[in-house]
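Okay, so here's the structure we're looking at.
The values are calculated or read from the model by the stated rules, or taken from the named source; none is laboratory data. The structure displayed is predicted, hence computed values, not measured ones. FYI the Cβ positions are ideal-geometry reconstructions off the backbone, even for glycines, and counts take in every protein chain you see.
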Amino acid sequence: MYYTYIIYSSTLDKYYIGHTVDVFQRLGQHNSGISTYTSKANDWQLMWQQAFETRTLARECELRLKKKKSRRYLEWLIANEGS
């Protein structure tokens, strides 16, 4: 399985959207500073995730979410679908 996920840092007050095969391992990488974009904080929390059969589907979902460029939509998605 592949996952599209949304994480949030309260320090930065920012969301990050990505895809991976192991959400919790990837979250650890974000919090340890391995990922350049998320290295400015170490308090990232998983807010939402969705499973997909293929990497292509997970990546397409990630791109759809990023294309919206809407914090309001991400917060709606998190509130209405949970993680």
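Observations on the model:
- Conditions (1) assigned to a loop (DSSP other than H, G, I, E, B); (2) of a type in the set (Phe, Trp, Tyr); (3) at pLDDT 95 or above; number of the one not met by Tyr37: (3)
- Residue match in the stretch 65-78 (condition: over 20 Å from Leu12 (Cα atoms), out of contact with any helix residue (DSSP H, G or I) (no Cβ under 7 Å at 6 or more places or on another chain), of a type in the set (Lys, Arg) and surrounded by fewer than 12 Cβ atoms within 10 Å (Cβ to Cβ)): yes
- Count of residues meeting criterion [farther than 13 Å from Ile7 by Cβ, touching a strand residue (DSSP E or B) at 6+ places or on another chain (Cβ under 9 Å) and among the aromatic types (Phe, Trp, Tyr)] in the stretch 46-83: 1
- Members of the stretch 12-41 found to be over 19 Å from Ile78 (Cα atoms) and hydroxyl-bearing (Ser, Thr, Tyr), listed by number: Ser32, Ser35, Thr36, Tyr37, Thr38, Ser39
- Search result, residues across the stretch 40-64 that are among the acidic types (Asp, Glu), over 16 Å from Leu12 (Cα atoms) and not in a helix (DSSP H, G or I): Glu53
- Residues in the stretch 1-19 that are β-branched (Val, Ile, Thr) and either surrounded by 19 or more Cβ atoms within 10 Å (Cβ to Cβ) or part of a helix (DSSP H, G or I) (or both): 3 in all.
- Set Thr38, Thr54: member being surrounded by 13 or more Cβ atoms within 10 Å (Cβ to Cβ) and of a type in the set (Ser, Thr, Tyr): Thr38
- Of all residues making up the stretch 30-64, the number that are under 14 Å from the mean Cα position of the chain (by Cα), among the aliphatic types (A, V, I, L, M) and over 14 Å from Thr20 (Cβ atoms): 2
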